[in-house]
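Below is one structure, written out as structure tokens; the observations come after it.
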Amino acid sequence: TLLLNNSINSLNELSKAHSEVELLKADTLMLRRSEKDFLLRKDMKYKKKFDDIVKHVHEEAEELIHHLNEFNLDVSKVKEFDLIIDNYKAKFFILVKKQKEIGLNPGDGLYSSLRNSVQEVQNVAKNSNNLKLLSSVYDLRKEEKDFMLRRDVKYVKSFESKINLLISISKNNIKQNLQTYKNDFLALVKAEREIGLDSKSGIIGNMRNVVHQTESLLEV
């Protein structure tokens, strides 16, 4: 009977350990969801949500280590997982900082600077009654919007080619406005590329690699 009770208690403890692993899996998915929600909605509440989940992960990892220690089982992978989650958090917070630099809405950050410089160029073009210039500006805006929509650098190259030509043939009163527009757009492009234009590049690509590490460790 004593042996049976000991076996049942052991199974219960191991069952708890297994439950902790499942909770870690679920929380890792929640971290990814918070990351995607932030990228989609640009809302800082998802940064706090991400941070809260990380704290919960650390608590669960500590519990798992406690259960495994009772059976003298290896806890090194749990500790490694814990460190990788902190790495994930660090990279996500870098992404949030970069997105704040770009702008959480059209009224701030690089978004705002670009919008203001575009408006200035359009106003000068309209006031000069130069329809050809105005048409060229609208064409530049199309390249700009296509880049933001499709995340493809070919639109940046096209934008640069067109605006460089326009700057070269423009008079001083519009030349500086066009140069500011170009600089603001390229600054935005640079920041967007640092974040990542697809799931394999930039900060986003780095975070994907970290998430894949967590998945492998959870299986172990």
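Sequence gap at least 6, Cα distance under 8 Å: using those rules, report the relative contact order of the chain to the nearest whole percent.
Details: 182 pairs, mean separation 46.5, N = 220.
Normalised by residue count, the contact order of the chain is 21 percent.
Rounding to the nearest 10 and keeping the result within 0 to 90°, find how far the Cα-based axis of helix 131-150 lies from the longest principal axis of the chain.
In the chain, helix 131-150 runs at an angle near 10 degrees to the longest axis.
So which chymotrypsin sites (Phe, Trp or Tyr not before Pro) in region 33-98 pass both tests, a DSSP loop state and at most 11 other Cβ atoms within 10 Å of the Cβ?
71
Diagonalise the Cα gyration tensor of region 170-220 and give the resulting equivalent ellipsoid semi-axes, square root of 5 times each eigenvalue, largest first, whole Å.
Working: eigenvalues 367, 6, 3 Å².
They are 43, 6, 4 Å, listed largest first.
Using the basic label-point model (7 angstrom from Cα toward the beta carbon), what is the residue 157 to residue 18 distance in nanometres?
For residue 157 paired with residue 18, the spin-label model returns 5.5 nm.
Positive end of the dipole of the chain, charges at C-beta (+1 Lys, Arg; -1 Asp, Glu), about the Cα centre: which of 155, 124, 65 has its Cα farthest in that direction?
The Cα lying farthest towards the positive end belongs to 124.
Taking the Cβ-Cβ separation of residue 36 and residue 142 as r and a Förster radius of 22 Å, what is the calculated FRET efficiency to the nearest 0.05?
0.20
Taking the Cβ of residue 84 as the centre, find all other residues whose Cβ is under 15 Å away and add up their charges (Lys, Arg: +1; Asp, Glu: -1).
On the way: positive: 25, 32, 77, 79, 89, 91, 208; negative: 27, 35, 60, 80, 82, 86, 215, 219.
Taking every Cβ under 15 Å from that of residue 84, the sum is -1.
At each listed q (0.13, 0.16 Å⁻¹), what is the log10 of I(q)/I(0) that the Debye formula gives for region 99-220 modelled as equal alpha-carbon point scatterers?
Log-scaled intensity ratios, in q order: -0.58, -0.78.
At R0 = 25 Å, how high is the FRET efficiency between residue 179 and residue 200 if r is their beta carbon distance? Nearest 0.05 is fine. Show your work: numbers first, answer last.
On the way: r = 33 Å, r/R0 = 1.33.
About 0.15, to the nearest 0.05.
Please list 3J(HN,Hα) in residue order for region 107-116, calculated via the Karplus relation 6.51 cos²θ - 1.76 cosθ + 1.60 where θ = phi - 60°; whole Hz, with x for glycine and proline.
Karplus values, whole Hz, x for Gly and Pro: x, 9, x, 5, 4, 5, 4, 5, 4, 5.
Given 25 °C and 0.890 mPa s, compute D for region 97-136 with the Stokes-Einstein relation, Rh being the Kirkwood radius over Cα pairs; round to the nearest whole µm²/s.
Values: Rh = 11.2 Å.
This corresponds to a translational diffusion coefficient of 220 µm²/s.
Tally up the carbon and sulfur contribution to the accessible surface of the chain as a whole percent, 1.4 Å probe, everything protein left in place. Let's see the in-between values first.
Details: 6670 of 12750 Å².
In the chain, the share of accessible area belonging to carbon and sulfur is 52 percent.
With a 1.4 Å probe and every protein chain left in place, work out the accessible area per residue of the chain in Å², rounded to a whole number.
Using a 1.4 Å probe on heavy atoms only, each residue of the chain averages 58 Å².
Name the trypsin sites (Lys or Arg not before Pro) in region 131-220 that are in a loop by DSSP and that have at most 12 other C-beta atoms within 10 Å, would you?
Working: sites: 132, 141, 142, 145, 150, 151, 154, 157, 162, 171, 175, 182, 190, 193, 200, 208; in loops: 151, 171, 200.
Taking region 131-220 and a limit of 12 other Cβ atoms within 10 Å, the loop trypsin sites (Lys or Arg not before Pro) found are 171, 200.
Going by alpha carbons, how many degrees (0 to 90, nearest 10) lie between the helix axis of 2-41 and the longest principal axis of the chain?
0 degrees
In nm, what is the difference between 0.36 nm times the number of residues separating residue 131 and residue 150 and their Cα-Cα distance? Before the final figure, lay out each step's value.
Details: separation 19, 0.36 × 19 = 6.84 nm, distance 2.83 nm.
Contour length minus Cα-Cα distance gives 4.0 nm.
Convex hull volume of the Cα atoms in the chain, per residue, in Å³?
Details: hull volume 23.4 nm³, N = 220.
Dividing the Cα hull volume of the chain by its residues yields 106 Å³.
The values are calculated or read from the model by the stated rules, or taken from the named source; none is laboratory data. Since the model is a prediction, treat every value here as computed from it, not as a measurement. Virtual Cβ from ideal backbone geometry, glycine too; neighbours counted across all protein chains shown. Note: accessible area is taken over every heavy atom of the protein model, side chains too, but ligands, DNA and RNA are not part of it. Shrake-Rupley method; radii C 1.70, N 1.55, O 1.52, S 1.80 Å.
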